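Accompanying notes for the structure given below.
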Amino acid sequence: METAQHILTEADIWTVLESVKDPEIPVLSLIDMGMITHVSCLTSHVSRLSAHITMTPTFVGCPALSVMKKDIYDAVKKMGFDEVEVIIDMETAWTSDRMKPEAKLKLEKFGIAPPAMMEEDMTAELLDRVRCPHCGSTDTTLRSSFGSTLCRAIRFCFTCRQGFEQFKPI
Ligand SMILES: [Zn+2]
């Protein structure tokens, strides 16, 4: 039997997931965040098409997790899959190093200082040299370890005298 339907591939799933945004940072997709660890699609013997998406949450117990799972499910289901399964990856620990470089640029434009790369020789002093997203100065200081979400800290810039949020490196 001929079908006019486009054959869905894993690449199509990746493309659709580009449009699923982090609920806490609407300028970044879950792919920008490096949260999607694996995508696969299968056709069963009864021609049922199923998609499996594996993701690693940024923070364990992040309240946005159920929202993200539902957003992924809805976006992929809409593509025409019979079954969609969103699996939490327990083996891959998310770290801020998984964020793509262009994601960090988007984050800074959005007004949130991106996390520094967690290198092995990273010193406390280097970690504290966070660039202000408003003026670019690194003369900033930590004001509070917790910002509007668990993933963010509040900092203050001495140069432009404005507060800003930083996505914490983890
Ligand atoms: Zn500043």
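FYI, it's all coordinate maths here, none of it is from the lab. Everything numeric here is computed off the predicted structure, so don't read it as measured data. Here the Cβ is made from the backbone with ideal geometry for all residues, glycine too, and neighbour counts use every protein chain on show.
Annotations for the structure displayed:
- Beta bridges per DSSP, both residues in region 10-88: antiparallel share near 60 percent.
- For Lys100, a cut-off of 24 angstrom between C-alpha atoms picks up these lysines, skipping any fewer than 8 places away in its own chain: Lys21, Lys69, Lys70, Lys109, Lys168.
- Residue order, fewest to most beta carbons within 10 Å, for Arg98, Arg155, Arg161: Arg161, Arg98, Arg155
- Estimated FRET transfer efficiency (Asp82, Lys21; beta-carbon r; R0 35 Å; 0.05): 0.85
- Neighbour counts of C-beta atoms inside 10 Å place Thr149, Thr58, Thr92 in the sequence Thr92, Thr149, Thr58, starting with the fewest.
- Dimensionless Rg over Rh [the chain; C-alpha; Kirkwood]: 1.08
- Peptide ranges 28-40, 69-81 listed from the most packed, as the mean C-beta count within 10 angstrom indicates: 28-40, 69-81
- Stretch gain in nm, segment Leu65-Leu105, where the contour uses 0.36 nm per residue and the Cα spacing is subtracted: 12.0 nm
- For the chain, the Cβ-based charge dipole about the Cα centre amounts to some 720 debye (Lys, Arg positive; Asp, Glu negative; other atoms uncharged).
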